[in-house]
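Everything on this sheet refers to the single structure shown next.
The values are calculated or read from the model by the stated rules, or taken from the named source; none is laboratory data. Being a predicted model, the structure only gives us computed values, none of them experimental. Please note: Cβ atoms are built from the backbone with ideal geometry, for glycine as well, and neighbour counts cover all protein chains shown.
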Ligand code: DOR
Ligand code: ZN
């Protein structure tokens, strides 16, 4: 493939280039390559080209909760939003806490995903550290819930937590407030890299700052909803009081602003959506935590760029480069020679309203309907293949990304 007239960021400079892609990888950047009739030409029309988004935090619900989402609908929503790789969380049914359950999930996904993907393995209160250890090379990290959330995956006992940390290659935690500090202590003691999911409070940032100063390998993630929405939004109508419930809950506007700064200045390292689809009927019937968002994360985060809260190079780091680095995906996350040709073409001037009718997630709603997007995803390319272009989808060529690849 030859991509023409692409606006890319090199360092802090914007440059216009043509890009040669062969065997699914970026091969050469330059100008005026000879057009070869055998090569597919994609004209980027002077729009920005960004590395494909890597969403390290999604709940795609396969298997067990496929009325909410499944691997096909979820990966299609991802690709529409420019997400070329997502990591799926283990609170499915069966939960991904045994090698057998991992294999079952893997078989369902095979040939049935629009986007590339990888899986987390879950730690359990029954101390499954032996299974955790066996799954190390086949999963991105062990996920441990240190607070109550959707599913039944809370682990409370210190000795068991320590066993699971020790058996893991790296650990991702759902930890809130003091539990953030507890997770950091465990990471320090067991010398394991720690990924703190969905940081939502200004005071949690202090724990991360301290840990980074002490050279503990710790990374912080923030979700778009903890940046854009607050408890004021949640409390504004009777419906939003139910729909905008999530774990961790939305916080104050002051927390929103502190998180934006921490993201730009390096205390937080990634944006992950915590895409947690539930049907509105389910949310109305009973208190249910989580909201869908994988398909609008880039279009929303670009608003941060427009409002001067996030630079474009930093957006590329926190949405693509850092997730790849932290989780050891060697060929992903950058527009550079030798990397997988995963990229997104965006229209920086399209600030159209996010509409109900456009939603692809089976959950069929979004907290962002009615808001203006910061940009529009025009085209998504996965390993050199156009998988989404102006409303039309390509084939389901998504593959599992494994550690040893
Ligand atoms: O709000 C949430 N929903 N937080 C979680 O930690 C889990 C998620 C879900 O799976 O629904
Ligand atoms: Zn989650």
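Which of the residues spanning segment 155-174 are under 18 Å from residue 58 (Cα atoms) and either out of contact with any strand residue (DSSP E or B) (no Cβ under 6 Å at 6 or more places or on another chain) or at pLDDT below 95 (or both)?
At the first step, the residues of segment 155-174 found to be under 18 Å from residue 58 (Cα atoms) are 170-174.
Selection gives 170 alone.
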message: Being closer than 30 Å to residue 400 by Cβ and more than 16 Å from ligand 2 (Cβ to nearest atom) is true for just one of 324, 262. Which residue is that?
response: 324
- request: Give me a count of the residues in segment 55-110 that are more than 16 Å from ligand 1 (Cβ to nearest atom), within 30 Å of residue 374 (Cα to Cα) and in a loop (DSSP other than H, G, I, E, B).
  value: 2
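Give the number of residues within segment 347-359 that are touching a strand residue (DSSP E or B) at 6+ places or on another chain (Cβ under 9 Å) and either closer than 15 Å to residue 81 by Cβ or not in a loop (DSSP other than H, G, I, E, B) (or both).
Step one: of segment 347-359, the residues touching a strand residue (DSSP E or B) at 6+ places or on another chain (Cβ under 9 Å) are 347-354.
Now restrict to residues that are either closer than 15 Å to residue 81 by Cβ or not in a loop (DSSP other than H, G, I, E, B) (or both): 347, 350, 352-354.
Result for segment 347-359: 5.
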- request: Please indicate, with yes or no, whether at least one residue in segment 214-221 is on the phi < 0 side of the Ramachandran plot, buried (at least 23 other Cβ atoms within 10 Å of the Cβ) and assigned to a loop (DSSP other than H, G, I, E, B).
  value: no
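Out of contact with any strand residue (DSSP E or B) (no Cβ under 6 Å at 6 or more places or on another chain), at pLDDT 95 or above and within 16 Å of ligand 2 (Cβ to nearest atom): is that true of residue 223 in this structure?
Numbers: out of contact with any strand residue (DSSP E or B) (no Cβ under 6 Å at 6 or more places or on another chain): yes; at pLDDT 95 or above: yes; within 16 Å of ligand 2 (Cβ to nearest atom): yes.
Criteria met by residue 223.
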message: Which residue is farthest from residue 22 (Cα to Cα), if the candidates are limited to segment 55-75 and must be buried (at least 24 other Cβ atoms within 10 Å of the Cβ) and away from ligand 2 (no atom under 16 Å from the Cβ)?
response: 71
message: Against the condition out of contact with any helix residue (DSSP H, G or I) (no Cβ under 9 Å at 6 or more places or on another chain), crowded, with 16+ Cβ neighbours inside 10 Å and closer than 19 Å to residue 224 by Cα, how does residue 297 come out, does it pass?
response: no
